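This report concerns only the one structure given below.
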There are 2 protein chains.
Amino acid sequence: MGEGPTIGTIAERAGVSTASVSRVLNGLPTRPETVRKVLAAADELGYVPNSAARSLKSRRSHQVAFAMADIGNPVYLEMVREIQPVLKAAGYRLVLHSTGADVAEEIEVLRSLGGRYADGLILIPLRLTAELAAAISAARAPVVVIGSVPEEAGVDNVRTDSRLGVRLALDHLYALGRRRIAFVNGPLDTVPGAARAAAYRDALAALGLPYDEKLVEVGDFYRAEGAAAVRRLLAKGPDVDAIMCANDLIALGALDVLREAGLRVPEDVAVAGMDDTDLAAGAWPPITSVSLGSAERGRRAAELLLARLADDASAKAPRKVVSVRPELVIRASTKGGTR
Amino acid sequence: MGEGPTIGTIAERAGVSTASVSRVLNGLPTRPETVRKVLAAADELGYVPNSAARSLKSRRSHQVAFAMADIGNPVYLEMVREIQPVLKAAGYRLVLHSTGADVAEEIEVLRSLGGRYADGLILIPLRLTAELAAAISAARAPVVVIGSVPEEAGVDNVRTDSRLGVRLALDHLYALGRRRIAFVNGPLDTVPGAARAAAYRDALAALGLPYDEKLVEVGDFYRAEGAAAVRRLLAKGPDVDAIMCANDLIALGALDVLREAGLRVPEDVAVAGMDDTDLAAGAWPPITSVSLGSAERGRRAAELLLARLADDASAKAPRKVVSVRPELVIRASTKGGTR
DNA sequence: TTGTACGCGTTATCAA
DNA sequence: TTGATAACGCGTACAA
């Protein structure tokens with residue numbers, strides 16, 4: 001763990017100037033003999049360029065930050081899995097931030113971009129307050145938001161139509177003959193929560209089904225909270241023949257509670273989730289889920305950011321919005337075949 | 001996205017020298033009046049210190065790297081979840097590396113530490129070659145290895161006794177009356193693969209059960225590969241009454257195949273996994289699994305690294321080894337109660 | 001083709 | 001208490 005060699009060390013050893021060393025290492029035209037000596041010295045010393053010095057000079061950190069609520073959520077995980085290789089291929093390192101869905105922390109991350117530790121940021125806000133929107137616009141580095149963001153923010157944006165997603169699932173349930181379709185949601189003050197609540201109402205209306213408060217319950221986007229919400233739902237004693245869940249974790253919780261209650265899935269109650277994570281595919285019965293293209297959204301976001309970082313021309317291009325189409329993945333929890 | 005203010009900008013605005021600005025910002029004794037002016041200017045300008053300049057000067061990046069095979073594996077994910085907050089609390093950012101279990105990539109990560117982009121590294125190698133061991137010893141920053149590493153490497157080490165883990169599971173199965181206990185493993189040229197293979201033999205011997213090749217199958221540590229391995233196992237036509245799987249993903253694959261084959265779990269065949277991930281708890285039936293304390297290993301590793309980084313004294317302290325005890329978490333896949 | 005010298009933004013030393 | 005100034009390691013005009 002000795003002191004690291006610098007271009008100065010190499011210069012001495014090779015008997016040339018630091019400028020020559022720098023030139024060789026950056027592939028600038030140099031006399032072959034010099035190149036040889038420098039490379040030999042660098043190799044012997046195990047030289048690795050100091051990233052701080054390089055960043056300071058070049059004004060580039062070769063890092064990209066990714067900020068989401070909680071890396072434990074499989075949706076974000078899928079995104080990381082896609083983002084990471086895209087960045088790596090372009091020579092960027094990935095810095096991870098778990099914000100706990102706390103707006104203040106998200107704002108802090110945006111602010112810290114001013115320190116230039118990262119060249120850009122991919123952000124997934126859960127709650128979109130005015131302060132957050134302001135902070136996004138004021139960010140000192142390119143930001144790509146996954147999720148919807150007002151146009152005024154002026155940043156690139158990868159979104160999906162979760163309204164259409166809910167619609168797809170409800171159409172499917174309706175086609176299967178279900179008419180008492182409950183909805184278990186996450187917090188209404190979150191962007192996805194609000195959107196999915198509205199989508200549920202709209203979809204019911206489009207199908208000519210009545211909106212019944214007894215069929216709606218709000219918890220949080222986690223398994224235990226989802227289970228609790230479903231328990232409350234059942235306690236209200238409505239005749240339910242399907243449960244639409246605002247994400248897969250809630251759907252898993254629903255399976256737990258239904259099993260507990262001795263109800264068969266899908267014979268007695270069909271269950272559908274959203275996000276189409278591994279958990280949905282891995283559950284028993286496998287859960288029908290609306291894919292919101294997490295992997296694709298992650299990849300597209302990384303690509304958008306890289307495009308911004310590529311050159312000055314594209315850095316000033318107008319904001320781009322990419323939409324990923326939701327898709328219904330039908331499994332045994334709605335239509336099957338559980339044995 | 002304007003040009004970032006520097007201490008120079010602040011100095012001008014406040015009518016003082018850059019030295020004073022630096023002093024104020026670092027909390028060194030300064031005249032109150034100066035402090036006020038500087039802070040006001042800094043605030044108005046939205047000043048954020050440049051991290052590259054700071055790192056260059058202080059020789060600290062305030063970043064820690066974490067390198068594992070694949071962030072998609074729930075075990076590593078659990079570790080990240082624990083590591084992240086510990087680092088954050090200490091003022092470090094987390095840089096993520098997925099190496100794809102490729103030794104060359106791991107060596108590259110170790111080498112790149114010479115660039116000082118991170119102050120330390122937490123590494124989980126899957127295969128421990130001589131080159132890797134050499135690279136670990138030669139690393140230019142503190143490294144903590146999760147998993148076993150030879151003493152010569154001289155680095156801090158968080159390990160678990162997977163041998164004991166296998167033993168716990170086999171004892172449990174034996175106590176339940178199972179005598180034909182199969183073992184489905186991952187690649188034998190990986191550290192965990194080799195250790196668990198040996199552990200299986202030992203545990204059988206300790207229980208007085210014969211080692212039967214027909215009961216052993218090797219695949220990979222993933223669900224699909226695990227399923228394929230179990231399929232091959234069943235094709236050999238041994239009378240199996242329990243399957244010990246080298247990790248939870250394999251166990252999930254086993255459930256898939258057993259269900260396919262019309263075998264009941266645990267009545268016909270009991271299934272146990274390792275790692276005790278969420279997937280094991282979430283499966284149906286819930287899978288008995290040996291917890292290797294992933295979360296705790298992650299946390300301890302982060303703490304060990306922080307201790308090394310804390311001050312020069314501890315930086316030179318002798319290597320520390322922390323052991324996390326495995327624990328058997330019994331669920332319905334071995335003992336239950338599935339209806 | 002090569003070397004000298006300066007600047008990137010901070011911190012730290014030394015006089016004043 | 002403060003300001004001028006020298007590093008930190010690298011890249012790059014500019015001069016030789």
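The values are calculated or read from the model by the stated rules, or taken from the named source; none is laboratory data. Just so we're clear, the structure is a prediction, and the values are computed from it rather than from any experiment. Virtual Cβ from ideal backbone geometry, glycine too; neighbours counted across all protein chains shown.
Could you please find all residues in the stretch A:1-25 being more than 10 Å from DNA strand D (Cβ to nearest atom) and either aromatic (Phe, Trp, Tyr) or more than 14 Å from every other protein chain (Cβ to nearest Cβ) (or both)? Reasoning before the result, please.
Pass one, the stretch A:1-25, residues more than 10 Å from DNA strand D (Cβ to nearest atom): A:1-2, A:12-16.
Listed by number, the residues that qualify are A:Glu12, A:Arg13, A:Ala14, A:Gly15, A:Val16.
Of the candidates B:Asn185, B:Asn157, the single residue that is under 30 Å from A:Pro5 (Cα atoms) and out of contact with any His (no Cβ under 6 Å at 6 or more places or on another chain) is B:Asn157. When A:Met244 is tested against the conditions (1) over 21 Å from the mean Cα position of the chain (by Cα); (2) assigned by TED's automatic domain parsing to the domain that holds A:Arg178; (3) free of Cβ contacts under 8 Å to residues at least 40 places away in the same chain, the lone failure is (3).
Can you pull out every residue in the stretch A:252-276 that is within 22 Å of A:Val80 (Cβ to Cβ) and more than 11 Å from chain B (Cβ to nearest Cβ)? Break it down into steps so the answer makes sense when it comes.
Just the residues of the stretch A:252-276 that are within 22 Å of A:Val80 (Cβ to Cβ), to begin with: A:252, A:273-276.
Within the stretch A:252-276, A:Gly273, A:Met274, A:Asp275, A:Asp276 qualify.
Considering only residues that are under 14 Å from B:Val95 (Cβ atoms) and more than 7 Å from every other protein chain (Cβ to nearest Cβ), which ones fall in the stretch A:80-90?
Quick first cut of the stretch A:80-90, residues under 14 Å from B:Val95 (Cβ atoms) only: A:80, A:83-84, A:87-88.
Scanning the stretch A:80-90 gives A:Ile83, A:Leu87, A:Lys88.
If you go through the stretch A:102-111 and keep only what is out of contact with any Lys or Arg (no Cβ under 7 Å at 6 or more places or on another chain) and surrounded by fewer than 23 Cβ atoms within 10 Å (Cβ to Cβ), you end up with A:Asp102, A:Ala104, A:Glu105, A:Ile107, A:Glu108, A:Val109, A:Arg111. Residues of the stretch A:122-146 that are within 11 Å of chain B (Cβ to nearest Cβ) and part of a loop (DSSP other than H, G, I, E, B): A:Ala139, A:Arg140, A:Ala141, A:Pro142. The number of residues in the stretch B:91-102 being charged (D, E, K, R) and either in contact with a Pro (Cβ under 6 Å, 6 or more places away or on another chain) or away from chain A (no Cβ under 11 Å) (or both) comes to 1. Within the stretch A:180-229, the residues that satisfy the criterion of being more than 27 Å from A:Val145 (Cα to Cα) and free of Cβ contacts under 8 Å to residues at least 12 places away in the same chain are A:Ala205, A:Gly208, A:Pro210, A:Tyr211, A:Glu213.
Okay, residues lined up against (1) assigned by TED's automatic domain parsing to the domain that holds A:Arg299; (2) among the polar types (S, T, N, Q); (3) within 14 Å of DNA strand C (Cβ to nearest atom):
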{"site": "A:Thr18", "(1), (2), (3)": "no, yes, yes"}
{"site": "A:Val35", "(1), (2), (3)": "no, no, yes"}
{"site": "A:Leu39", "(1), (2), (3)": "no, no, yes"}
{"site": "A:Ala42", "(1), (2), (3)": "no, no, no"}
{"site": "A:Ala69", "(1), (2), (3)": "yes, no, no"}
{"site": "A:Asn73", "(1), (2), (3)": "yes, yes, no"}
{"site": "A:Glu82", "(1), (2), (3)": "yes, no, no"}
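Scanning the stretch A:29-51 for residues that are within 23 Å of A:Tyr92 (Cα to Cα) and surrounded by fewer than 16 Cβ atoms within 10 Å (Cβ to Cβ) returns a single hit, A:Gly46. Here B:Arg59 meets the list (1) within 9 Å of DNA strand C (Cβ to nearest atom); (2) closer than 25 Å to B:Ala118 by Cβ; (3) out of contact with any Phe, Trp or Tyr (no Cβ under 9 Å at 6 or more places or on another chain) almost entirely, failing just condition (1). Taken as a whole, the stretch B:314-323 holds at least one residue that is under 16 Å from B:Asp119 (Cβ atoms) and touching a residue at least 40 places away in the same chain (Cβ under 8 Å). Mind checking whether some residue in the stretch A:303-311 is within 11 Å of chain B (Cβ to nearest Cβ) and within 30 Å of A:Gly91 (Cα to Cα)? Yes, there is a match, as at least one residue in the stretch A:303-311 is within 11 Å of chain B (Cβ to nearest Cβ) and within 30 Å of A:Gly91 (Cα to Cα).
Would you check which residues across the stretch B:204-228 are assigned to a helix (DSSP H, G or I) and either within 14 Å of chain A (Cβ to nearest Cβ) or over 14 Å from B:Leu170 (Cα atoms) (or both) and list them? Steps first, please.
Taking the stretch B:204-228 as the starting set, the residues that turn out to be assigned to a helix (DSSP H, G or I) are B:204-207, B:213-215, B:223-228.
If the condition is that a residue be assigned to a helix (DSSP H, G or I) and either within 14 Å of chain A (Cβ to nearest Cβ) or over 14 Å from B:Leu170 (Cα atoms) (or both), then B:Glu213, B:Lys214, B:Arg223, B:Ala224, B:Glu225, B:Gly226, B:Ala227, B:Ala228 are the ones that fit.
In the set A:Arg331, A:Arg319, A:Arg299, A:Arg264, only one residue is surrounded by fewer than 24 Cβ atoms within 10 Å (Cβ to Cβ), within 30 Å of A:Val145 (Cα to Cα) and either modelled with pLDDT of 95 or more or in contact with a Lys or Arg (Cβ under 9 Å, 6 or more places away or on another chain) (or both); that residue is A:Arg299.
What about B:Arg308, is it basic (Lys, Arg) and crowded, with 20+ Cβ neighbours inside 10 Å? Please lay out each step first, then the result.
Values: basic (Lys, Arg): yes; crowded, with 20+ Cβ neighbours inside 10 Å: yes.
Yes.
Yes/no per residue for (1) acidic (Asp, Glu); (2) more than 13 Å from every other protein chain (Cβ to nearest Cβ); (3) in contact with a Gly (Cβ under 7 Å, 6 or more places away or on another chain):
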{"site": "B:Thr34", "(1), (2), (3)": "no, yes, no"}
{"site": "B:Asp43", "(1), (2), (3)": "yes, no, no"}
{"site": "B:Gln63", "(1), (2), (3)": "no, no, no"}
{"site": "B:Ala69", "(1), (2), (3)": "no, no, yes"}
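Test of understanding: among B:Arg60, B:Arg116, which residue is among the basic types (Lys, Arg) and buried (at least 22 other Cβ atoms within 10 Å of the Cβ)? Talk me through it step by step, then tell me what you get.
Values: B:Arg60 fails: buried (at least 22 other Cβ atoms within 10 Å of the Cβ).
One residue alone meets the criteria, B:Arg116.
Take A:Glu105 and tell me if it is under 21 Å from A:Val191 (Cα atoms), more than 10 Å from chain B (Cβ to nearest Cβ) and among the acidic types (Asp, Glu). Outline the logic, then answer.
Values: under 21 Å from A:Val191 (Cα atoms): yes; more than 10 Å from chain B (Cβ to nearest Cβ): no; among the acidic types (Asp, Glu): yes.
Judged against the criteria, A:Glu105 is not a match.
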